[in-house]
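Worksheet for the structure shown next.
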2 protein chains.
Amino acid sequence: MTLSDLLLQARSYRRFQQGPLQEEALSELLQLTRLCPSSANRQPLKYLLAWRPDQNDRIFPHLRWAASLTDWAGPSEGERPTGYVVILGDTRISRQFDLDCGIAAHAIQLGAAEQGLGACMIGSADRAALSSALQLPEHLEIQLVVALGKPGETVVLEEGAPDECPYWRDEQGVHHVPKRSLVEVRVELSKS
Amino acid sequence: MTLSDLLLQARSYRRFQQGPLQEEALSELLQLTRLCPSSANRQPLKYLLAWRPDQNDRIFPHLRWAASLTDWAGPSEGERPTGYVVILGDTRISRQFDLDCGIAAHAIQLGAAEQGLGACMIGSADRAALSSALQLPEHLEIQLVVALGKPGETVVLEEGAPDECPYWRDEQGVHHVPKRSLVEVRVELSKS
């Protein structure tokens, strides 16, 4: 599969088919993050894996879903993620995590797509409650939660600007995601 | 190529073979960024491409290289990058760029590897001077510069912690990069 095909397949999924994830599948995703670049190679990120129902139940209640789908409170029972990678920043190593976190989360999402899984990076959560539910030590700060599972919805890209509406779900439940055109994102270098 | 192989190949290169890059090759890398996830799908990043010598010369003098190689001031003539993607944050759209920037820069680095090119994400630059050299409007803030070209050095991964020494170059000029072990980066979930 080309990188372009893999990127296309790695959409953000918010509804999932049920069925167990294997710990090994998640562990393989972590191996991918170890191959990624890191700012000044400090590697300040740590990862907590969840795949058993009792583990997943400690995470799900604290996540917030798709702010722009105002009439949808998040996945209901029977369509919830079946696993998670919680990305943590180790403040003993660094205080700057976002660039590394984007890189690592994307490697996880691409690795999931390669395995036939879907992922969604979730930045909006009750961090204090989640941290408490996971009994995290103080030096590990929650950066991002990557929800995982077998995709249970169809997501399609559209060409267009997201400024009016960043994404929408149609009557058939298909999730549409507008992406800016190449012309819109490219800045021409002025003549010197 | 599997994702794991592509990630392994996509090392950070700081010395390059000389020879022209095509605009089309860089434009293909931009197409990849359009397929990436973006926080709340706002897509606030813009991209400036450089591939001609006169363009590259406006960028190179303002970059800072490999702080941990204290006896190396950066690539000398004959080993400099032959192209760049300058990643810009459009402050008219958002003020938060780092997560998106990590994702996009990594897609560029992976796409470069797929093309047989090498890349290095450079976060350390004289931003004011570079912004002025590129005559950027005020609403476009430099986030990261991705240097590109045909790899002109060997980079190998080592298992180990980077805390004492984040990377080093040996007598043969091979660049070594320690990566933390899986055991070190994985946090076990405590029993509830």
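The values are calculated or read from the model by the stated rules, or taken from the named source; none is laboratory data. Treat the numbers as computed from the prediction; the structure is a model and nothing was measured. When we count neighbours, we look across all protein chains shown, and the Cβ atoms used for this are built from the backbone with ideal geometry, even at glycine. For accessibility, only protein heavy atoms count, side chains too; no ligands or nucleic acids. Shrake-Rupley method; radii C 1.70, N 1.55, O 1.52, S 1.80 Å.
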Would you check if there is a residue in region A:120-136 being modelled with pLDDT under 95, more than 12 Å from A:Y13 (Cα to Cα) and open to solvent by 60 Å² or more (accessible area, probe 1.4 Å)? no
Tell me yes or no: at least one residue of region B:36-59 is under 17 Å from B:G123 (Cβ atoms), more than 10 Å from every other protein chain (Cβ to nearest Cβ) and modelled with pLDDT of 95 or more. no
Of residues in region B:40-72 being among the hydrophobic types (A, V, I, L, M, F, W, C) and more than 16 Å from the chain's Cα centre (by Cα), the one surrounded by the most Cβ atoms within 10 Å (Cβ to Cβ): B:A40
Criterion (among the hydrophobic types (A, V, I, L, M, F, W, C), without any contact (Cβ under 8 Å) to a residue 40 or more places away in the chain and touching a strand residue (DSSP E or B) at 6+ places or on another chain (Cβ under 8 Å)) met by exactly one of A:L30, A:L49, A:L99: A:L49
Output for Cβ contacts, cut-off 9 Å, separation at least six or different chains, first residue at the interface with chain B (Cβ under 8 Å from one of its Cβ atoms) in region A:171-192, second of a type in the set (K, R) and assigned to a helix (DSSP H, G or I), reads A:L189/B:R58; A:S192/B:R58
Name the pairs whose Cβ atoms lie under 9 Å apart, with the first residue in region A:1-22 and within 14 Å of another protein chain (Cβ to nearest Cβ), the second open to solvent by 30 Å² or more (accessible area, probe 1.4 Å) and at pLDDT below 95, and 6 or more positions between them or separate chains? A:M1/B:M1; A:T2/B:M1; A:L3/B:M1; A:Q9/A:M1; A:R14/A:W72
Would it be correct to say that B:P75 is more than 17 Å from B:Q43 (Cβ to Cβ) and open to solvent by 10 Å² or more (accessible area, probe 1.4 Å)? no
All conditions in (1) of a type outside the set (G, A, S); (2) open to solvent by 20 Å² or more (accessible area, probe 1.4 Å); (3) more than 22 Å from A:Q31 (Cβ to Cβ) are true of A:K150 except (3)
For the list (1) over 13 Å from the mean Cα position of the chain (by Cα); (2) surrounded by 18 or more Cβ atoms within 10 Å (Cβ to Cβ); (3) on the phi > 0 side of the Ramachandran plot, I need the number of the one condition that A:L140 fails. (3)
If you go through region B:129-136 one residue at a time, do you hit one that is within 14 Å of chain A (Cβ to nearest Cβ) and in contact with a Ser or Thr (Cβ under 6 Å, 6 or more places away or on another chain)? yes
Would you mind finding the one in A:Q9, A:Q22, A:Q31 that is open to solvent by 30 Å² or more (accessible area, probe 1.4 Å), closer than 22 Å to B:T2 by Cβ, at pLDDT 95 or above and touching a Leu at 6+ places or on another chain (Cβ under 7 Å)? A:Q31
Selection over region B:75-116 where residues are closer than 15 Å to B:S27 by Cβ and facing chain A (nearest Cβ under 7 Å) yields a count of 3
Subset of region A:153-170 that is at the interface with chain B (Cβ under 10 Å from one of its Cβ atoms) and in contact (Cβ under 8 Å) with a residue 40 or more places away in the chain - its residue that is surrounded by the most Cβ atoms within 10 Å (Cβ to Cβ): A:P166
